[in-house]
Structures are given as structure tokens and as C-alpha cells.
1. State the answer as a single residue: which of PRO223, ALA130, THR151 lies farthest towards the positive end of the charge dipole of region 97-236, with beta carbon charges of +1 for Lys and Arg and -1 for Asp and Glu, about the Cα centre.
2. Hey, rough spin-label estimate for ARG229 and SER93, points 7 angstrom out along Cα→Cβ, what's it come to in nanometres?
3. What ³J(HN,Hα) values, in whole Hz, does the Karplus curve 6.51 cos²θ - 1.76 cosθ + 1.60 give for region 120-134 when θ = phi - 60°, with x put for Gly and Pro?
4. How much length, in nm to one decimal, is gained on full extension between LEU121 and LEU15, taken as 0.36 nm per residue of separation minus their Cα-Cα distance?
5. Counting only heavy atoms of the protein chains, get the accessible area per residue of region 155-236 (1.4 Å probe) and round it to a whole Å² value.
6. Percent of accessible area on region 178-236 owned by carbon and sulfur, 1.4 Å probe?
7. Over the chain, with a Gaussian network built from C-alpha contacts below 10 Å, which listed residue (LYS109, LYS45, LYS59) shows the highest mean-square fluctuation?
8. Which of SER43, THR110, ILE82 sits closest to the plus end of the dipole of region 41-126, meaning its Cα is farthest towards the positive end, when Lys and Arg get +1 and Asp and Glu get -1 on the C-beta?
Amino acid sequence: SSYDLAIGISYGIALSDNWSIGTGIRFIHSHLYNGSFNNGQGSVKPVSSFGVDLAALYKTDPFQTFGSDKGTFRAGIDLSNIGPKLNFNKKDSLKDALPTELRFGWAFKTGLGNGDNSITLTNDYSKIMARPGSSVFESLINSWGPYTRETSQGKVTLSTLQQFRIGTGLEYWYKHLFSVRTGYYYENPNNGNRKFITLGAGIRYDFIGVDISHIFSLKQNHPMANTTRFGLLLNF
């Protein structure tokens, strides 16, 4: 009967033709287990908290690229899940931090010279901004330093750069009706070790869209290998 639940609301506003900001808040409930384990030595309870998001987006004015087509460049930053820690254990005060995450990235989109085709190139970087034993706001500062963690090979110290996760993607559209896309995702071997390529496609007709993607893991016996995802979009 374990489950997690998050319900949220978000709001964004354009400050100008080039700048936008947004925020969001969500209620979080985690029900891993409710009771004792290990002959009564441990006791777990359901927990609740809330998380706040802050974000900003910059986009350029359209500029000439190929033929009569124009392109745009966008850059954004997002800090998500800022909120109180969770205390799962009934018998002690040890708390687990929410997965506060910093993400920033850019996207370049342009037509290809005839008005029917467009291509988008994206790149983003993300990092967990939480530290054991630190408050929420202390973590936003000290998580920029090296981090030592336990692995199956013993203790490993990750530099700040090694803590970042990297994603990049390429998407092609034909007449806003059909798309194909691919992406690559990388994590340091001592910081999750997820490495995979994605391939996907999408169709849009009127206000309905359907997307499909498939993950090809670059690591053997990875739980995300050969995962297929389907998405349905209703755009009003």
C-alpha cells in the first residue's frame, strides 16, 4: 500500500517581451509504511510537507537564420522543491531533505529555410541542492562544495562539477504536425550512473497530440533499459 502523492499549482507571468518569471507550490505526502520493523527497533510513519518552486526565463527577439526563417534563443533557471524536511521515523528526530533541485539550460529553435521545417537544440544541467544535517537554506550554500558519499567500493568524494547531471536533445518538426527527437543523459558513475539515449516521435492534430519515446540504456542491467513512454496532450 505504499504510495507518494503531490498536488500543486503554478503561476507564470511575462515581465516583458523577453523576460518571464514563475512560481509554484505543491503539497507532498509520502506513505512508505506505517508500523514497526526489525523486531520493534524501528518505526515508520506517513509524512507530509510542501515544496516551493522559483523560475525565470529569458528569450531573445526573433533573429534571421536560414532564408526567410527566423530563430530564437531561450535560457532558463529553476529551483524546485524548497521546503521543510520529512521525518519518517517515529522514534528519532532524524529528518530527510526534500530533493531540492537546481536546473538551468538553454534552447535554440530555428526554421530551416522554407517555412515547413524547424529544429530545436537543447541542453540543461541539474544538481541536487540538499545536504544531510543541514537546514534547507544552509544546503543551498554548502551544496556547492565537494560531497563525500558511501558506495559499494567505499567512500567517494564528488567535486561540484561531478555532482551535475547533463541532458541534451535535438527535435525536428515538419509543418507543426510531425516530429522526431533524440536525447542523451549523463550522470557521474558515483552519482547515480544513469547514461542513456532516447529516441521518440510525436504527432499533433488540432488540439490533440500523441508522443512516444524509448530509452536505450548505455549501462548493462540498468532498471531504465528498454523503457517506453507514451504521452497524450490536450492543448486548449
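The values are calculated or read from the model by the stated rules, or taken from the named source; none is laboratory data. Keep in mind that what you see is a predicted model, and the values were worked out from it rather than measured. Here the Cβ positions follow ideal geometry from the backbone for every residue, glycine too, while neighbour counts run over all protein chains shown. In case anyone asks, the SASA skips ligands and DNA or RNA and just uses the protein heavy atoms, side chains included. Shrake-Rupley method; radii C 1.70, N 1.55, O 1.52, S 1.80 Å.
1. Result: THR151, furthest along the dipole toward the positive end.
2. 4.0
3. 10, 10, 10, 7, 9, 10, 9, 8, 6, 10, 10, 9, x, x, 10
4. On the way: separation 106, 0.36 × 106 = 38.16 nm, distance 2.52 nm.
Working it through step by step, the gained length comes to 35.6 nm.
5. Details: 5430 Å² over 82 residues.
On a per-residue basis, region 155-236 sits at 66 Å².
6. For region 178-236, the apolar C and S fraction of the accessible surface comes to 62 percent.
7. In the Gaussian network model the winner is LYS45.
8. Checked the options; the winner is SER43.
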